[in-house]
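Below is the structure I would like to discuss, written out as structure tokens.
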Amino acid sequence: MPTLSSRTAGFTDSVIRRMTRISNQFGAVNLSQGFPDFDPPKAILDRLAEVTREDFHQYSITWGAQNFREALAAKYEHFAGRAIDPNGEIVVTCGSTEAMMAAMMSVTNPADKVIVFSPFYENYGADTILSGAEPIYVPLIPPAFTFDADVLEAAFRQHPKALILCNPSNPCGKVFTRQELEVIADLAKKYDTFVITDEVYEHILYQPHRHTYLATLPGMWERTIQCSSLSKTYSITGWRLGYVIAAPEIIETVKKVHDFLTVGAAAPLQEAAVTGLRFGDDYYMALQQEYTEKRDLFLKGLDRIGIAHTVPEGAYYILLDISEFGYANDLEFCELLAEKVGVGAVPGSSFFRESENRYIRLHFAKKQQTLEDALSRLADIRKRMPVRQR
Ligand code: GLN
């Protein structure tokens, strides 16, 4: 057989998606891959039912249906405070996964450097490999996951083409403060660097934390490529609806990359999702309230069990500290956790560049009953998990 591409030689499969398969195999409560087990808003589903009988079964415009882009532009202006052009500053993609890839392909050349904060969402590693770029990792230091501005500047001195910013952050739950974003923005301007943002958790925040759109900081609109999606905000991860928002000169290129990658996002789903994009503030307030209740329920349960954990400021992940179990390999821990305890988790090592086996990631985007089921299983963790001597 001829050899396969060297581009993919360093690839493994996604550990997050693998843990979903392992959870299913053992009938575990799957708190690994982050997606809800509750229904999307009824109004969106009602519209979807109507759309099946309407004329939305052929391609939409490659960079997104007109009314979807218009509704998105209005929503963006409402939350970010900047009016954007639905025709020249938006590309609708197949999830933010494609948005990030299209952004990377649009700004980097092979061998360009890209700054990635560690821990990071695992797709960024694959995105850099596929686009031929080289990551420079800058640690976010636990427990507050702050960065050292001097270390960040040292990374910028290597003249990266872009920095990837996940805010609110998966997996550590950090919400970058305005001051932190100003440090990043000042460095991006000083070293003439793009910033690619992943803001899929922009509406999942806990008091008193607020989301600041980096692109709205002075001088950042021209150099920020914003990626986000409808997956988390409207609980429709399977619909694969994401988007890129950026200045027209950047969007011109993103449009082309996107067109040749996927042609377009699903037309009937875009039409149904317009209903969600037009929701008023009450929807987003209720979403925050629901996630706050889930977070509180889950964290209280973990405290009762007595395992140390992070307290997320945004997004819906927590990192559990599993040091007491003595495992040198957190993947082995997660496989046994699914089998012996019946809870699916993601090994922390799939997010950290540093050699780190101390954490596993659980998410709480689940019904109360599912979370209670997971907590009652986790209550037996010390009984059921074999202890390893390091
Ligand atoms: N972002 C989610 C997670 O981190 C889902 C990832 C995915 O599989 N697309 O679990």
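The values are calculated or read from the model by the stated rules, or taken from the named source; none is laboratory data. If you're wondering where the values come from, they're calculated on a predicted model, not measured in any experiment. Every residue, glycine as well, gets a Cβ built from its backbone with ideal geometry; the counts of neighbours run over all protein chains shown. Just so you know, the surface numbers come from the protein's heavy atoms only, side chains and all, with ligands and any DNA or RNA stripped out. Shrake-Rupley method; radii C 1.70, N 1.55, O 1.52, S 1.80 Å.
In whole angstrom, note down how far apart the Cα centers of the stretch 1-18 and the stretch 360-374 are.
First find each Cα centre; the distance between them is then 31 Å.
Still on this structure, please answer the following. Have a look at Gln289, Val311, Leu362 and report the one farthest towards the positive end of the charge dipole of the stretch 208-367, computed about the Cα centre with Cβ charges (Lys/Arg +1, Asp/Glu -1).
Among Gln289, Val311, Leu362, the one farthest towards the positive end of the dipole of the stretch 208-367 is Gln289.
A further question follows. Assigning unit charges at the beta carbon (Lys, Arg +1; Asp, Glu -1) and nothing else, what dipole magnitude in debye, to the nearest 20, does the chain show about its Cα centre?
Computed about the Cα centre, the dipole is about 900 debye.
Ok, one more. Explain nothing, just the number: dipole magnitude of the stretch 1-79 about its Cα centre with +1 on each Lys and Arg Cβ and -1 on each Asp and Glu Cβ, in debye rounded to the nearest 20.
With Lys and Arg at +1 and Asp and Glu at -1, about 400 debye.
Now for a separate question. For the pair Leu130 and Lys42, how long in nm is the line joining their label points, each one 7 Å along Cα→Cβ?
Reported label-point gap for Leu130 and Lys42 is 3.8 nm.
What relative contact order, as a whole-number percentage, does the chain give when Cα pairs under 8 Å and 6 or more residues apart are counted?
25
Here is a further query. With the crude spin-label approximation of a point 7 Å out along Cα→Cβ, what separation in nm comes out for His209 versus Asp13?
Going by the 7 Å Cα→Cβ label model, 3.1 nm.
Residue farthest toward the positive end of the dipole of the chain, with Cβ of Lys/Arg at +1 and Asp/Glu at -1: which of Gly348, Gly27, Pro40?
With unit charges placed on the Cβ atoms, the residue in question is Gly27.
A follow-up question, please. Return a whole-number percent for the relative contact order of the stretch 111-212, with Cα pairs under 8 Å and 6 or more residues apart as the contact set.
29
Moving on. Suppose only helical runs count, i.e. DSSP H with n ≥ 4. What mean residue ellipticity at 222 nm does that imply for the chain under -39500 (n - 2.57) per run, divided by all residues and rounded to the nearest 500 deg cm²/dmol?
Rounded to the nearest 500, the figure is -12000 deg cm²/dmol.
Can I ask one more? Hey, can you grab everything whose amide H is under 5 Å from the amide H of Leu163? Only 5+ residues off in sequence or another chain; H modelled, so Pro and N-termini drop out.
Correct list: Ile115, Phe194, Val195, Ile196.
Students often get this wrong, so check it: of Lys42/Lys232; Lys174/Lys232; Lys174/Lys255; Lys232/Lys300; Lys75/Lys189, which have C-alpha atoms separated by over 21 Å?
From the list (Lys42/Lys232; Lys174/Lys232; Lys174/Lys255; Lys232/Lys300; Lys75/Lys189), the Cα-Cα distance tops 21 Å for Lys174/Lys255; Lys232/Lys300; Lys75/Lys189.
Now a separate question. Among Pro248, Leu130, Leu261, pick out the residue whose Cα is farthest towards the positive end of the charge dipole of the chain, where Lys and Arg carry +1 and Asp and Glu carry -1 on C-beta, about the Cα centre.
Farthest towards the positive end: Leu130.
Mind checking the per residue accessible area of the chain for me, 1.4 Å probe, whole number of Å²?
In whole numbers, the chain has 43 Å² accessible per residue.
Related question: Work out the length of the dipole vector of the stretch 236-390 about its Cα centre, built from +1 on the beta-carbon of each Lys and Arg and -1 on the beta-carbon of each Asp and Glu, and round it to the nearest 20 debye.
500
Where q = 0.18, 0.26 Å⁻¹, what log10 of I(q)/I(0) comes from the Debye formula for the stretch 321-380, counting one point per Cα?
Here the Debye-derived log intensity ratios amount to -0.63, -1.11.
Which whole-angstrom value gives the distance between the alpha carbon centres of the stretch 298-323 and the stretch 95-171?
Rounded to whole Å, the Cα centres lie 26 Å apart.
To continue, here is another question. Express the relative contact order of the stretch 212-255 as a whole percentage, based on alpha carbon pairs under 8 Å and six or more residues apart in sequence.
32
Which percent of the accessible area of the chain is formed by carbon and sulfur heavy atoms (probe 1.4 angstrom)?
Carbon and sulfur atoms account for 52 percent of the accessible area of the chain.
Turning to a different aspect of this structure: Which of rounded, prolate or oblate describes the stretch 345-390 when judged by the alpha-carbon gyration tensor and an a/c cut-off of 1.5?
Taking the square roots of the gyration eigenvalues as a ≥ b ≥ c, the stretch 345-390 is oblate.
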